[in-house]
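Trainee: Got a structure for you, questions after.
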Amino acid sequence: MRGSFEHTYQLLTTYFAEVRLVDPDIVFDIQTTSCKDKRFTRCFWCFGPPKKTYKLLRPVVVIDKKNLKRRYRGILLTAIAIDPSNYIFPLTFLITDLKTIESWTYFMEMFGSNFHGYDTRFVAISDRNAKIINVIPKVFPFAIHTFFAFHISNNIKTVLKSMRIAFRMAVEALTNIDFDKHMNAIQNIDPVGL
């Protein structure tokens with residue numbers, strides 16, 4: 001989109017109305033402050049039909065955030081999954097002005113209500129963000145929450161380079177035998193670390 005940020009944010013409702021002509025199942029929610037100036041606070045969307053689509057995907061959801069730059073800084077929250085052909089399938093998006101527990105809760109609740117409901121079992125993968133760690137069990141009590149191997153690997157002290165290598169090998173292992181072998185190597189390097 002071209003033009004100023006102010007103009008672009010003003011066009012969001014029109015944009016989603018145009019998308020709805022092509023995709024009548026799109027879900028979007030734009031929220032602004034209740035003030036006279038109607039300042040943008042957040043915008044959620046997912047392409048449809050969400051519940052039918054989700055049933056075809058693997059029950060593993062990757063949740064991540066990206067800081068937006070420029071004058072109107074904000075956060076882009078995303079949830080993606082993998083389709084049966086091993087392609088990345090974007091599920092939901094939220095642009096928000098703040099990364100607060102309230103924003104994460106809203107994002108997770110909107111994801112849950114549009115894709116499967118709160119009692120379905122699935123695996124959620126994210127970074128070790130404290131807000132995500134707190135929100136996922138509250139919104140999805142039956143979800144299994146785990147972390148990106150990349151972030152865990154980076155948290156391993158650089159002094160223990162051999163442990164980091166063994167960890168990466170365990171993460172990338174294709175068989176249980178190889179995985180157990182690398183986990184045993186980690187246990188031998190630092191029995192207390194795991």
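Trainee: Taking region 75-105 as the region of interest, how many residues are in a helix (DSSP H, G or I) and over 13 Å from the mean Cα position of the chain (by Cα)?
Mentor: Of region 75-105, the ones in a helix (DSSP H, G or I) are 101-105.
Narrowing the set further to residues that are over 13 Å from the mean Cα position of the chain (by Cα) leaves 101-102.
Summing the residues that are in a helix (DSSP H, G or I) and over 13 Å from the mean Cα position of the chain (by Cα) in region 75-105 gives 2.
Trainee: Can I ask one more? Go through region 41-51 and count every residue that is at pLDDT 75 or above and either assigned to a helix (DSSP H, G or I) or farther than 30 Å from Arg121 by Cα (or both). Reasoning before the result, please.
Mentor: Quick first cut of region 41-51, residues at pLDDT 75 or above only: 41-48.
Then keep just the ones that are either assigned to a helix (DSSP H, G or I) or farther than 30 Å from Arg121 by Cα (or both); that gives 41.
Counting residues in region 41-51 that are at pLDDT 75 or above and either assigned to a helix (DSSP H, G or I) or farther than 30 Å from Arg121 by Cα (or both) gives 1.
Trainee: Is there any pair linking a residue in region 124-136 that is of a type in the set (Lys, Arg) to one that is assigned to a loop (DSSP other than H, G, I, E, B), with Cβ under 9 Å and at least six apart or on different chains, and which?
Mentor: Every condition considered, the pairs that remain are Arg128/Phe148; Lys131/Lys99; Lys131/Thr100.
Trainee: Being closer than 29 Å to Thr32 by Cβ and touching a helix residue (DSSP H, G or I) at 6+ places or on another chain (Cβ under 9 Å) is the filter here, so list the residues in region 79-92 that pass it. Show your work before the answer.
Mentor: Keep residues of region 79-92 that are closer than 29 Å to Thr32 by Cβ, which gives 79-80, 90-92.
Once the filter is applied, which keeps residues that are closer than 29 Å to Thr32 by Cβ and touching a helix residue (DSSP H, G or I) at 6+ places or on another chain (Cβ under 9 Å), region 79-92 yields Ala79, Leu91, Thr92.
Trainee: Return the residues of region 11-36 that are assigned to a loop (DSSP other than H, G, I, E, B), surrounded by fewer than 12 Cβ atoms within 10 Å (Cβ to Cβ) and either modelled with pLDDT under 85 or polar (S, T, N, Q) (or both); say none if nothing qualifies.
Mentor: Taking region 11-36 as the starting set, the residues that turn out to be assigned to a loop (DSSP other than H, G, I, E, B) are 11, 23-26, 33-36.
Subsequent filtering for residues that are surrounded by fewer than 12 Cβ atoms within 10 Å (Cβ to Cβ) retains 24, 33-36.
Across region 11-36, the qualifying residues are Thr33, Ser34, Cys35, Lys36.
Trainee: Shifting gears a bit: Could you please find all residues in region 106-139 being in a helix (DSSP H, G or I) and at pLDDT below 80?
Mentor: Keep residues of region 106-139 that are in a helix (DSSP H, G or I), which gives 106-115, 130-139.
The one that is in a helix (DSSP H, G or I) and at pLDDT below 80: Phe115.
The values are calculated or read from the model by the stated rules, or taken from the named source; none is laboratory data. What you see is a predicted model; the values in this text were computed from it and never measured. With ideal geometry, Cβ positions are generated from the backbone for all residues, glycine too; neighbour counts draw on all protein chains shown.
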